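Reviewing the structure listed below.
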Amino acid sequence: MANVRKSYLRREVLLGCIFIISILLPMVARGEQRIKRFDVIDLEVSDVKWVYLKFKSDISNIDHGTDDIEIQRTNIPSIAKVRSFMPFFNETHATFITKDGAVHTFHLHYKISPSVSAVCIEGGAIEPKDIIAPMQIELSDERTSHITFPKKVLELSVGCDSAIVDHVPNTDNMVMAKCYPYDTTLFKATSLTVVTEDKQIYAFDVTYKSNPSILNFSVDEADKVGALFSAISVNETDMNRLGEEVLAKGALLNRGVVDGKMLFALQSIYIKGDVVMFHFAISNQSQIDYDIDFVKCYITNRKNMKKQALQAEEIPPLYEYVPASHRLSFVPALGSYHFVLFYKRFTIPDKHNLFFELFEKNGGRHLQFSVTNRDLLGAKVLK
């Protein structure tokens with residue numbers, strides 16, 4: 001009788017367990033259906049190159065699991081950049097939440113030269129169509145390279161201190177770059193990345209070359225746009241056209257200096273909107289070529305000129321126009337050279353003069369002359 005009772009109890013317990021399980025299983029299944037699993041994207045990062053991530057929506061939150069990783073927002077709210085502080089860090093994760101509610105998680109691990117420099121994050125994996133392929137450029141520690149972009153530059157960076165990058169003064173769409181001037185045997189190949197106002201990312205792989213084959217270049221047909229000057233209302237294309245007009249009008253002034261069989265003279269001054277243009281001529285009546293180093297412009301007091309000149313602040317030109325027939329770095333023997341310098345419009349204070357100096361490269365034939373405020377106020381308007 002006791003055995004029958006125990007068997008009955010075991011059966012009742014078993015039936016009870018089955019009943020409970022039958023109730024809980026659908027609940028567990030429904031709970032699992034409520035949990036959304038996000039894809040994890042594999043991403044290589046480096047300590048010498050930035051990796052740029054472009055999302056479909058602005059980034060609202062960023063979280064990563066270790067201090068070995070550096071993540072920075074950019075001037076474009078939907079773009080961030082990632083790199084490591086050191087090589088060989090422990091693998092970790094980083095999560096980005098965007099304002100459209102999407103969650104993007106990345107598995108980060110080290111590679112000195114990541115296979116991806118910049119990528120548009122469209123889904124749960126990196127597809128070949130999403131990758132922004134880097135362009136290859138050579139930089140020197142002795143010469144500066146200039147890159148022109150079709151739109152205003154909002155963000156620029158290099159992956160490590162092997163290279164230096166900065167905006168070209170007074171322009172919106174040009175950057176200048178060179179290698180850091182130190183022992184080039186220690187140079188590390190790095191990245192240079194530029195983001196423009198239309199949210200385009202331009203990625204470059206940077207290598208060192210003492211004498212790059214190309215120093216100045218443009219991307220995405222930026223040569224058709226030319227430089228966009230933030231300080232004035234005209235662009236590079238406009239100034240090339242204006243330069244041609246100024247040279248075609250010939251000489252209107254007789255201001256200059258003759259020394260050592262060299263003539264350095266101001267031929268004319270023109271005004272167009274907020275731009276002032278100076279037409280210069282250099283004539284070499286000697287038998288030795290004149291290698292042009294640079295032209296310096298500054299305003300200083302007429303009294304104590306030599307002392308003041310040392311303290312005067314140089315006025316850098318916005319642009320230099322040189323006709324195609326004169327695009328040399330020297331004035332040949334018994335030859336001449338014409339060019340136009342563009343400045344943002346200005347006037348000369350009372351008791352001051354505007355000085356121009358021409359310097360010879362590796363030579364002593366430096367030429368200097370000045371013009372007055374009366375000369376500047378007599379500038380012709382270019383229609």
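Please treat every number below as a calculation from the coordinates, not as lab data. Worth saying up front: this structure is predicted, and the values here are computed from it rather than measured. Cβ sites come from the backbone with ideal geometry, for glycine too, and all protein chains shown count toward neighbours.
Laid out as a table, the results:
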read-out: Other-chain or far-sequence residues with amide H under 5 Å of GLU70's (modelled H); value: ARG83, SER84, PHE85
read-out: Estimated FRET transfer efficiency (ARG143, VAL258; beta-carbon r; R0 30 Å; 0.05); value: 0.35
read-out: Per DSSP, loop GluC sites (Glu not before Pro) in region 184-248 with at most 11 further Cβ within 10 Å; value: GLU221
read-out: Dipole magnitude (debye, nearest 20) for region 237-381, charges at Cβ of Lys, Arg, Asp, Glu; value: 480
read-out: Simple Cβ-charge dipole of region 40-224, Lys/Arg +1 and Asp/Glu -1, about Cα centre, in debye nearest 20; value: 240
read-out: Label-to-label distance, nm, for residues given as ILE288 and ASN216 (7 Å Cα→Cβ offset); value: 2.8
read-out: Positive-end residue, region 237-381 charge dipole about Cα centroid, Cβ charges, pick of SER329, LEU266, LEU247; value: LEU266
read-out: Reduced Cα scattering model of region 174-268, Debye log10 I(q)/I(0), q = 0.11, 0.19, 0.20 Å⁻¹; value: -0.64, -1.03, -1.08
read-out: For the chain, with +1 on Lys and Arg beta carbons and -1 on Asp and Glu, the positive-most of VAL82, SER162, LEU367 along the dipole; value: VAL82
read-out: Backbone HN-Hα couplings from phi across region 277-282 [Karplus 6.51/-1.76/1.60, Hz, Gly and Pro as x]; value: 10, 10, 9, 10, 10, 10
read-out: Distance (nanometres) between label positions extended 7 Å along Cα→Cβ at LYS380 and PHE330; value: 3.4
read-out: Angle in degrees between helix 2-34 and the longest Cα principal axis of the chain, rounded to the nearest 10; value: 20
read-out: Label-point separation, GLU197 to THR66 (7 Å along Cα→Cβ), nm; value: 4.1
read-out: Unit charges at the beta carbon, dipole of the chain: most positive-side option, GLN136, THR148, HIS64; value: HIS64
read-out: Region 40-224: mean projected area of Cα convex hull, nm²; value: 10.8
read-out: For region 120-135 versus region 352-373, the gap between their alpha-carbon centres in whole angstrom; value: 54
read-out: Hits among aspartates and glutamates - C-alpha to C-alpha of LYS272 under 15 Å, sequence gap 8 or more where chains match; value: GLU236, ASP238, GLU244, GLU245
read-out: Region 72-156: chymotrypsin sites (Phe, Trp or Tyr not before Pro) in DSSP loop, at most 10 other beta carbons within 10 Å; value: PHE88
read-out: 0 to 90° range, to nearest 10: angle between helix 236-248 axis and the chain longest Cα axis; value: 10
read-out: Whole-Hz ³J(HN,Hα) from phi, Karplus 6.51 cos²θ - 1.76 cosθ + 1.60, for region 45-62, glycine and proline x; value: 10, 9, 8, 10, 9, 7, 10, 9, 10, 10, 9, 6, 9, 4, 7, 9, 8, 10
read-out: Enclosed volume per residue, in Å³, of the convex hull spanned by Cα atoms of region 237-381; value: 112
read-out: Total charge dipole magnitude, the chain, about the Cα centre, Cβ charges on Lys, Arg, Asp, Glu only, Debye to nearest 20; value: 900
read-out: Alpha carbon centroid spacing (whole Å) that separates region 194-226 from region 94-117; value: 25
read-out: Karplus-derived 3J(HN,Hα), 6.51/-1.76/1.60, for each residue of region 140-147, Hz, glycine and proline x; value: 10, 8, 10, 10, 9, 9, 10, 10
read-out: Considering only region 40-224, percent of DSSP beta bridges that pair antiparallel, nearest 5; value: 70
read-out: Sites matching trypsin sites (Lys or Arg not before Pro) across region 237-268 that sit in DSSP coil, with at most 15 neighbouring C-beta atoms within 10 Å; value: LYS249, LYS261
